[in-house]
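The values are calculated or read from the model by the stated rules, or taken from the named source; none is laboratory data. What you see is a predicted model; the values in this text were computed from it and never measured. Cβ coordinates were reconstructed from backbone atoms using ideal geometry, including for glycine residues, and neighbour counts include every protein chain displayed.
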Ligand SMILES: [Zn+2]
């Protein structure tokens, strides 16, 4: 059992807590640390969907009330993916995260098949960082800031900055903590239009909602039906469910700023009949990326058409 383990801050990635542990424990090698935490030398330092959590929880000091489930829900990116995975698949992701064999977690969660870019570096919000320092005397990696599509901090409404720490490090067993020296605010100023910025902030708020709540996982059929009902209600499909694709694309591209869609890799091409928007309105045969669902949900429940 470990003599101590840092209490995780609200919204802190488990990865970040382990990095803070490594600094304080003063252990010599990253591999020795991994073995101490997970009883295995094969665990890799993973930011989004880590594994080995059952062993880690057993090794935590007796004062810790953390369970594998609470870590998964509050300190990993699982709640970003889970609502859009069929229940059995979500369960498989959870089980892999608890076991020390996490080899296929990302494929099961649909992360690998995604057409949406993944951030290369851990990111931070300069104002959140200052707040952390004032409140806790140190900073940490916020899980919300590491998610694809979160370009603005939804609290401070400013652009996130890249830290100097790559998400896939050179040493796969090394956990790097967020510090003032590796989180330096550069002159990253993005010249986005006001509309794009507003929509990026909305998206970041929607993603924050996903993380802060426990939504039920739903089957592919459930999403097919739900969207069909909304499309009919909104006049984008006739009663038999036939979708008016041109009207849908027209209104979607009116509702969302073109620059915004480009930034989050979700442009819809008119001529391409197999564009993602058309696909998501048909029978779901595969899992769609959470960002695509969020765009769809906001469009179908917010639009005033
Ligand atoms: Zn912030």
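Number of residues in region 103-136 that are in contact (Cβ under 8 Å) with a residue 24 or more places away in the chain and either within 16 Å of the ligand (Cβ to nearest atom) or closer than 25 Å to residue 10 by Cα (or both): the value is 19. Within region 200-243, can you find the residues that are in contact (Cβ under 8 Å) with a residue 40 or more places away in the chain and not in a helix (DSSP H, G or I)? Residues satisfying the conditions are 213, 214, 215, 216, 217, 218, 219, 234, 235, 236, 237. When residue 9 is tested against the conditions (1) modelled with pLDDT of 95 or more; (2) assigned by TED's automatic domain parsing to the domain that holds residue 77; (3) assigned to a loop (DSSP other than H, G, I, E, B), the lone failure is (2). Considering only region 100-121, state which residues are buried (at least 16 other Cβ atoms within 10 Å of the Cβ) and within 19 Å of residue 43 (Cβ to Cβ). Residues satisfying the conditions are 100, 102, 105, 106, 108, 109, 111. Number of residues in region 148-175 that are part of a strand (DSSP E or B), within 16 Å of the ligand (Cβ to nearest atom) and in contact (Cβ under 8 Å) with a residue 40 or more places away in the chain: the value is 3.
Here residue 145 clears all of (1) outside any loop (DSSP other than H, G, I, E, B); (2) surrounded by fewer than 21 Cβ atoms within 10 Å (Cβ to Cβ) except the condition numbered (2). For the condition more than 18 Å from residue 93 (Cβ to Cβ) and touching a residue at least 12 places away in the same chain (Cβ under 8 Å), residue 35 does not qualify. Here residue 178 clears all of (1) over 28 Å from residue 255 (Cα atoms); (2) touching a residue at least 40 places away in the same chain (Cβ under 8 Å); (3) away from the ligand (no atom under 16 Å from the Cβ); (4) not assigned by TED's automatic domain parsing to the domain that holds residue 33 except the condition numbered (3).
It is to be established whether one or more residues within region 244-255 are touching a residue at least 60 places away in the same chain (Cβ under 8 Å), under 25 Å from the mean Cα position of the chain (by Cα) and not assigned by TED's automatic domain parsing to the domain that holds residue 78. Scanning region 244-255 turns up no residue that is touching a residue at least 60 places away in the same chain (Cβ under 8 Å), under 25 Å from the mean Cα position of the chain (by Cα) and not assigned by TED's automatic domain parsing to the domain that holds residue 78.
Test residue 88 against the criterion of being at pLDDT 95 or above, surrounded by fewer than 16 Cβ atoms within 10 Å (Cβ to Cβ), assigned to a helix (DSSP H, G or I) and away from the ligand (no atom under 16 Å from the Cβ), and give yes or no. For residue 88, the condition - at pLDDT 95 or above, surrounded by fewer than 16 Cβ atoms within 10 Å (Cβ to Cβ), assigned to a helix (DSSP H, G or I) and away from the ligand (no atom under 16 Å from the Cβ) - is met. The residue of region 181-199 that is surrounded by the most Cβ atoms within 10 Å (Cβ to Cβ), among those that are more than 19 Å from residue 138 (Cα to Cα) and within 15 Å of the ligand (Cβ to nearest atom), is 197.
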